[in-house]
Amino acid sequence: AMAPAIVTSTIQLHDCMLRFFMANANKFFYTWNLRELSSVFAGLVTASPSQFKTGVSFARLWVHEASRVYSDRLVDKGDISLFKDKLRDTCTKHLDLGAETNEKVLEEPILFASFTDEDRDNRRYLAVANYGDLHTVLKEKLDEHNEVNARMELVLFEMFMQHVIRIARVLDKPRGNAVVIGVGGSGKQSLAKLTSFVGGFQLFQVQLTATYNEANLKEDMLQLYKRAGEKSHEIVWLLTDSQIVDEAFLVMVNDFLSSGMIPDLFLPEDKMDAINAVRSEVRSEGLVDTNDACWDFFLDKVRTNLHLVFCMSPVGPNFRVWCRKFPALINCTVLDWVHSWPEEALTSVATRFLEGVEFPDLE
């Protein structure tokens, strides 16, 4: 019964984005098109009916998905505050659940994640009741990570956990790629590493050397394609702007994001190996196993299993110039702005690192 109201609300909110959040020289990434509209519904259809039995619970999921798609792309506090007002107006006018119920729909925190599901083989997209529950899950995952990987000393404050949920939502989806934007030292790489571990992904990073060049990147990407397409490994490729020592690297990144087709990546014999590796899967899907069909299937599988998380700093001209030259960085990814940490975050970090320090008596 809520379907017409959800559709109308989404269209009205999208119209608000077009009218009130227009692109300019500084906000060139304020682009709102059918990708954003479809992304909201892509989040809604991942919901399991058994978990959303009331109108309020499903409306809260809609608020979460709309906020992730539209609000996460906004860069300043004024725009984020205006978006919240427009979202509230949309809920009041079009969801039509009554004033008291609307307050329940918009009650913070609104958190949804699949990694909180204890059934790891068949994860569902579930509501997380509060930050305490989320902290419990992420602390357990962080401890697991530190047992088998290089130790990360992280303080799980609320905004950090919000960003984990945002990136995890992107990685959950086929062809889900993220650009995480924040100044140096804001924790972008730590966020990506923890989120990829929480989601059960293998993490890959370029091992940069003094002689690392385009040919080395091409070899690394070939291996990633083989692991994702032939061996069905689910991989997060963590890339940082400091690793872009040659703009030619971004040509390949742009091709991967936009189509998955990177010219001259595969030699003829490598391409045949890839085609033969997926031939039986193509047949099991009921498709004709021509070489072209197998190759398309292989590329689609790579784009489903291989996720790029590109960490960038907005400081300096690179962000603006690269996004203009390589439009897939904006058009084919989800942007997540890591804004300056709030006072609660700074207090949490300070408390954590000072709790074992004995100060002399100053009297």
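A few comments on the model shown:
- Residue check, Val56 within 17 Å of the chain's Cα centre (by Cα), of a type in the set (Val, Ile, Thr) and at pLDDT below 95: no
- Residue match in region 2-20 (condition: among the hydrophobic types (A, V, I, L, M, F, W, C) and under 16 Å from the mean Cα position of the chain (by Cα)): no
- Checking the stated criteria, Phe29 turns out not to satisfy the condition of being open to solvent by 60 Å² or more (accessible area, probe 1.4 Å) and not small (Gly, Ala, Ser).
- The single residue among Gly132, Gly98 that is closer than 19 Å to Gln162 by Cα, open to solvent by 30 Å² or more (accessible area, probe 1.4 Å), of a type in the set (Gly, Ala, Ser) and free of Cβ contacts under 8 Å to residues at least 12 places away in the same chain turns out to be Gly132.
- Residue that is most open to solvent (accessible area, probe 1.4 Å), among those in region 335-363 that are touching a Lys or Arg at 6+ places or on another chain (Cβ under 8 Å) and either farther than 19 Å from Tyr131 by Cβ or among the small types (Gly, Ala, Ser) (or both): Trp337
- Taking the conditions (1) more than 30 Å from Ile244 (Cβ to Cβ); (2) without any contact (Cβ under 8 Å) to a residue 12 or more places away in the chain; (3) in a loop (DSSP other than H, G, I, E, B) in turn, Ala150 satisfies each one other than (1).
- Candidates in region 138-177 are the residues that are β-branched (Val, Ile, Thr) and open to solvent by less than 40 Å² (accessible area, probe 1.4 Å); of these, the one that is nearest to Ser258 (Cα to Cα) is Val170.
- Failed criterion for Trp62 (all others in (1) within 18 Å of Gly78 (Cα to Cα); (2) of a type in the set (A, V, I, L, M, F, W, C); (3) assigned to a helix (DSSP H, G or I) hold): (1)
- In region 32-53, residue least open to solvent (accessible area, probe 1.4 Å) [restricted to those that are closer than 21 Å to Val334 by Cβ, in contact (Cβ under 8 Å) with a residue 40 or more places away in the chain and in a helix (DSSP H, G or I)]: Gly43
- When Met159 is tested against (1) closer than 26 Å to Phe319 by Cα; (2) in contact with a Leu (Cβ under 9 Å, 6 or more places away or on another chain); (3) assigned to a helix (DSSP H, G or I), only condition (2) is not met.
- Just so you know, in region 106-129 the residues that are part of a loop (DSSP other than H, G, I, E, B) and among the small types (Gly, Ala, Ser) include one that is surrounded by the most Cβ atoms within 10 Å (Cβ to Cβ), and it is Ser114.
- Scan of region 61-81 for residues that are farther than 20 Å from Gly43 by Cβ and either open to solvent by 60 Å² or more (accessible area, probe 1.4 Å) or free of Cβ contacts under 8 Å to residues at least 24 places away in the same chain (or both), ordered by number: Asp76, Lys77, Gly78, Ser81
The values are calculated or read from the model by the stated rules, or taken from the named source; none is laboratory data. Fair warning: this is a prediction, and the values are worked out from it, not measured in the lab. Don't worry about glycine lacking a Cβ; one is built from the backbone with ideal geometry, like all the others, and counts go over all protein chains shown. Surface accessibility is based on the protein's heavy atoms, side chains included, excluding ligands, DNA and RNA. Shrake-Rupley method; radii C 1.70, N 1.55, O 1.52, S 1.80 Å.
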